[in-house]
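The values are calculated or read from the model by the stated rules, or taken from the named source; none is laboratory data. Treat the numbers as computed from the prediction; the structure is a model and nothing was measured. Heads up, the Cβs are rebuilt from the backbone with ideal geometry, glycines too, and the neighbour counts pull from every protein chain shown.
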Amino acid sequence: MADEPLIYDPAEVEEAVAVGSAKPDGNEPLELDETRHPWLRGLDERALAELAIALTDFLCRPSFGARTKREIEFETFALLRRGDRADWGTLGDIADDLAISRSKARSLVLEYNARTVGRRGHGARREILRDHVGGWPKQQIERDEDRLKIVIDDPFVRDLLKNFAYGHGILLDQSFASEIQTFSWDSYARLLAALYGDAISEQDFLTLSSDLRLQIRQATATNAAVKAELEPQLEEIEKLAQKARKSPEERRRELTLEMLRKYGPALAQLAWKQVGQ
């Protein structure tokens, strides 16, 4: 009996040639190489077709060749960003997928967000900033409990923050890295209160207090011991909240500031001890 071929078998070569020469019938599903085209990762055939139509429409109207290189680059980025690119959570993700520098990714994101928010009209920028600031205490907290250090990767949000803070006389301590912003808890309280206006309505206060309550619940969910340790302080915060709700709008703002100043360090202890476990 002949030995099995190790390198060369004429029959296998003939079979490979026959398979390779066969033309596809056009019904095979389109498969993407995500390592070669990461910017198209996760898109199905319909999404790819819509992307191609939108891009060629942009290139061919008002006439082919009328668009500048910069316009083409930005429109391509905008189409990808508006699509199924939820995994572009940071500038690093975008820079890595598109093989560009972080500064180039920052420029694209800043222009895209500015245009998108501009279409939403007056008040959209403050609303975006309010949403971001409200969630800060859950993210990264200093161990010494008297400072809030936050990493803001989105350059558009950083610009919103700087403009608003400077305009309201709120101290903003920036490190050598522009993405890192540092606040005292007092500055944080003033910033959050300012985002709700000079007088805080009852509805705005209820929204704010519900967000704070959610953050404390999440921080204490897996750390009953720390919750018990801070129980008196948390109860004091609750009393302030109840008092603020029943107060006039102008007085409510003062009490809200006091509540936030006490709330920040309390949550800092919860978060830090939870991470340290």
- request: Return yes when residue 256 is of a type in the set (Ser, Thr, Tyr) and at pLDDT below 75 and no when it is not.
  value: no
task: Would you mind stating whether residue 59 is modelled with pLDDT of 90 or more and touching a Lys or Arg at 6+ places or on another chain (Cβ under 9 Å)?
output: yes
- request: Output yes when any residue across the stretch 66-79 is more than 23 Å from residue 156 (Cβ to Cβ), out of contact with any Phe, Trp or Tyr (no Cβ under 9 Å at 6 or more places or on another chain) and of a type in the set (A, V, I, L, M), and no when none is.
  value: yes
- prompt: Since residue 18 meets every condition but one in (1) part of a helix (DSSP H, G or I); (2) at pLDDT 90 or above, which condition does it not meet?
  reply: (2)
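Conditions tested, residue by residue: (1) within 25 Å of the chain's Cα centre (by Cα); (2) farther than 22 Å from residue 111 by Cβ; (3) assigned to a loop (DSSP other than H, G, I, E, B); (4) in the same structural domain as residue 115 (by TED's automatic domain parsing).
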| residue | (1), (2), (3), (4) |
| --- | --- |
| 29 | no, yes, yes, no |
| 34 | yes, yes, yes, no |
| 50 | no, yes, no, yes |
| 58 | no, no, no, yes |
| 73 | yes, no, no, yes |
| 76 | yes, no, no, yes |
| 89 | yes, no, yes, yes |
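Rundown of residues vs (1) in the same structural domain as residue 240 (by TED's automatic domain parsing); (2) within 27 Å of residue 92 (Cα to Cα); (3) over 16 Å from the mean Cα position of the chain (by Cα); (4) at pLDDT 80 or above, yes/no style:
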{"position": "108", "(1), (2), (3), (4)": "no, yes, no, yes"}
{"position": "145", "(1), (2), (3), (4)": "yes, no, yes, no"}
{"position": "150", "(1), (2), (3), (4)": "yes, yes, no, yes"}
{"position": "172", "(1), (2), (3), (4)": "yes, yes, yes, no"}
{"position": "179", "(1), (2), (3), (4)": "yes, yes, no, yes"}
{"position": "203", "(1), (2), (3), (4)": "yes, no, yes, yes"}
{"position": "211", "(1), (2), (3), (4)": "yes, no, yes, no"}
Subset of the stretch 93-106 [farther than 13 Å from residue 81 by Cβ and not in a loop (DSSP other than H, G, I, E, B)]: 95, 96, 102, 103, 104, 106
